[in-house]
1. Which residues, counting only those in the range 144-156, are open to solvent by 30 Å² or more (accessible area, probe 1.4 Å) and either among the aliphatic types (A, V, I, L, M) or closer than 16 Å to Gly97 by Cβ (or both)?
2. So which of Leu23, Leu51, Leu99 is free of Cβ contacts under 8 Å to residues at least 60 places away in the same chain, closer than 21 Å to Ile154 by Cβ and hydrophobic (A, V, I, L, M, F, W, C)?
3. Only one residue in Gly111, Gly97 is open to solvent by less than 30 Å² (accessible area, probe 1.4 Å) and within 14 Å of the chain's Cα centre (by Cα). Which one?
4. Specify which of the listed residues (Asn11, Asn34) is modelled with pLDDT under 95 and not charged (D, E, K, R).
5. Considering only the range 101-123, state which residues are closer than 30 Å to Arg4 by Cβ and either hydroxyl-bearing (Ser, Thr, Tyr) or in a helix (DSSP H, G or I) (or both).
6. Which members of the range 135-170 meet the condition of being within 22 Å of Ile6 (Cα to Cα) and aliphatic (A, V, I, L, M)?
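The values are calculated or read from the model by the stated rules, or taken from the named source; none is laboratory data. Please read these numbers as outputs of a predicted model, since none were measured by experiment. No Cβ is skipped: glycine too gets one built from the backbone with ideal geometry, and neighbour counts run over all protein chains shown. Just so you know, the surface numbers come from the protein's heavy atoms only, side chains and all, with ligands and any DNA or RNA stripped out. Shrake-Rupley method; radii C 1.70, N 1.55, O 1.52, S 1.80 Å.
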Amino acid sequence: MKVRIIEVATNKDIDALIREGLLKEMPSIHQNWNFNFNKHVRKLNCSGYVLVTDINPNVIEGCLIFEMIEKAIPSIAYLEIAQHNRKPQKRYENIAGCLIAYAFKLSLIKGKGDYKGLLFLDISEEKEEDQQKLMRIYSQKYNAKLYAGGTMVIMDEGGEELIKRYLEPTEL
């Protein structure tokens, strides 16, 4: 799916693509990522997606593992943006938003029964203050609501708003 992200240095829109990642290209901790996406995709038997720019399609800007729990419940198992897209040297903006909006769109397609259009995500950080900070970001920026413990859910209008904000501008 075509998306647009923002180049921080110029504040200009950059054409990008979210696509299913090949197992051999999925990032790992050996490449300075926090997660072994290739290992988790195999272990969970789920789908991994990467976000790349049209300018440099060989560099992964962000990565997502989308999982269907019990073949019915849409969930983000893992989500991470590339190290070079984090503060202070951040190259691109809106990567996480595009990936989360894409995952919500997948929840509309793949969710079953009452879970259609719900997107679950578990927030798990080592330090409690980091966990609370991340939960606030997901709540304020991505419309996630606290479900139980460290689990959050994006649903209904909140998810549709993400699709309009991060995905639909590319469909013009």
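1. Selection gives Leu146, Ala148, Met155.
2. Values: Leu23 fails: closer than 21 Å to Ile154 by Cβ; Leu99 fails: free of Cβ contacts under 8 Å to residues at least 60 places away in the same chain.
Going through Leu23, Leu51, Leu99 in turn, just one is free of Cβ contacts under 8 Å to residues at least 60 places away in the same chain, closer than 21 Å to Ile154 by Cβ and hydrophobic (A, V, I, L, M, F, W, C): Leu51.
3. Numbers: Gly111 fails: within 14 Å of the chain's Cα centre (by Cα).
Checking each option against the conditions leaves just Gly97.
4. Values: Asn11 fails: modelled with pLDDT under 95.
It is Asn34.
5. Going residue by residue through the range 101-123, those that are closer than 30 Å to Arg4 by Cβ are 101-111, 115-123.
Result: Ala101, Tyr102, Ala103, Phe104, Lys105, Leu106, Ser107, Leu108, Ile109, Lys110, Tyr115.
6. Passing the criteria: Ile137, Leu162, Ile163, Leu167.
Residues are listed down the side, and each one gets a yes or a no for (1) on the phi > 0 side of the Ramachandran plot; (2) at pLDDT below 95:
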{"position": "Leu99", "(1), (2)": "no, no"}
{"position": "Asp114", "(1), (2)": "no, yes"}
{"position": "Ile123", "(1), (2)": "no, yes"}
{"position": "Glu126", "(1), (2)": "no, yes"}
{"position": "Asp130", "(1), (2)": "no, yes"}
{"position": "Met135", "(1), (2)": "no, yes"}
{"position": "Gln140", "(1), (2)": "no, no"}
{"position": "Asn143", "(1), (2)": "yes, no"}
